[in-house]
Each structure stands twice: as structure tokens, then as C-alpha cells.
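This report concerns only the one structure given below.
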Amino acid sequence: MASLQAARDVSTTRVVQLEGDNRRLQEEISQLNQGQAASATENSDLRTKLTDDRQDIRALEAQLSDVQDAYGGLRRVNDESEKGLKDVSAALLRVVEWIHLRHAAGAAAPPSSASTTPTGKRARNRSASPTL
């Protein structure tokens with residue numbers, strides 16, 4: 001009888017150990033299931049973000065040709081503006097040269113009514129108007 005009692009005690013101890021192992025395994029499974037659910041949610045969120053990002057990229061690609069056309073137009077306008085600025089700069093240089101020539105010819109001499117400006121226009125007569 002003592003040997004049956006000892007066998008029963010060993011079996012009871014083993015059952016208690018197995019029940020403890022079973023609870024630990026159930027807790028681990030529960031944690032793994034929670035982790036899997038969190039991973040699935042994160043995966044879904046990432047897929048949604050990826051889809052949104054792809055749509056943004058397609059929209060930007062669609063706008064690229066418009067931006068390139070606008071850039072080309074701005075380059076043309078800039079080139080034309082630079083040409084216009086060069087023309088203005090050249091005209092201003094001619095005016096400065098003309099002013100220097102006028103001063104070199106003598107500021108005291110009355111201006112000729114036939115003189116013209118560097119732009120080809122007649123110069124204004126700056127002499128004092130006669131008094132009445």
C-alpha cells in the first residue's frame with residue numbers, strides 16, 4: 001500500500017507540474033495571439049499607407065509634365081527678359097556716353113537744336129525761355 005501511496009503522490013506532483021506547464025503555455029499562446037493581432041493591424045496600416053503613398057506618387061508624376069512645361073516657359077521668359085535687359089543696358093550705356101560727350105564738349109555752350117539723343121530723338125532745348 002505504501003508503494004501505491006508513493007506512486008499516487010508522484011502522479012499528483014506530476015499532474016500539478018503539468019497543469020502549471022499547461023497554464024504557462026496557454027499564457028504564451030495568448031501573448032503570441034495578441035502579438036499576431038498587433039502585427040496584423042500594423043501590417044494592414046502599412047499596406048494602407050503604401051497604397052496612399054503610391055497614389056501620391058502617381059499624382060506627382062501626372063503633375064511632372066505640367067511642371068516641366070511651366071519651367072520651360074519660365075526659362076523662355078527669363079531668356080527674353082535677359083535679352084531685354086541687355087538692350088536696356090546697352091541703351092543706358094549709350095545715354096551715359098552721350099552725357100559724357102556733352103560735358104566734354106563744354107557745359108557752357110548752348111545745346112544745338114539739331115542735336116539728338118543717343119536713342120535718336122531730338123534733344124530738348126534746355127535754354128531759358130525768352131521773357132515777354
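With Rg and the Kirkwood Rh both taken from Cα atoms, where does Rg over Rh land for region 1-78?
On the way: Rg = 33.0 Å, Rh = 18.9 Å.
Ratio value, two decimals: 1.74.
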For this session: Mind jotting down the distance between the C-alpha centroids of region 61-99 and region 1-32, whole Å?
Result: 90 Å
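Nearest 0.05, what FRET efficiency do Ser11 and Asp45 give at R0 = 35 Å with Cβ-Cβ as r? Don't jump to the answer; show the numbers that get you there.
Numbers: r = 50 Å, r/R0 = 1.44.
Calculated value: 0.10.
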Exercise. Once label points are set 7 Å from the Cα along Cα→Cβ at both Gln26 and Asp87, what is their separation, rounded to one decimal in nm?
Worked result: 9.2 nm
Problem set entry | Label point distance in nm, Asn33-Ser3, each placed 7 Å from Cα along Cα→Cβ | 4.5 nm
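Every read-out reported here was derived from the displayed coordinates using simple, explicitly stated rules and does not represent laboratory data. Computed from a prediction, not measured in an experiment: that's the story for all the values here. Positions of Cβ are backbone-derived with ideal geometry, glycine not excepted, and every protein chain shown enters the neighbour counts.
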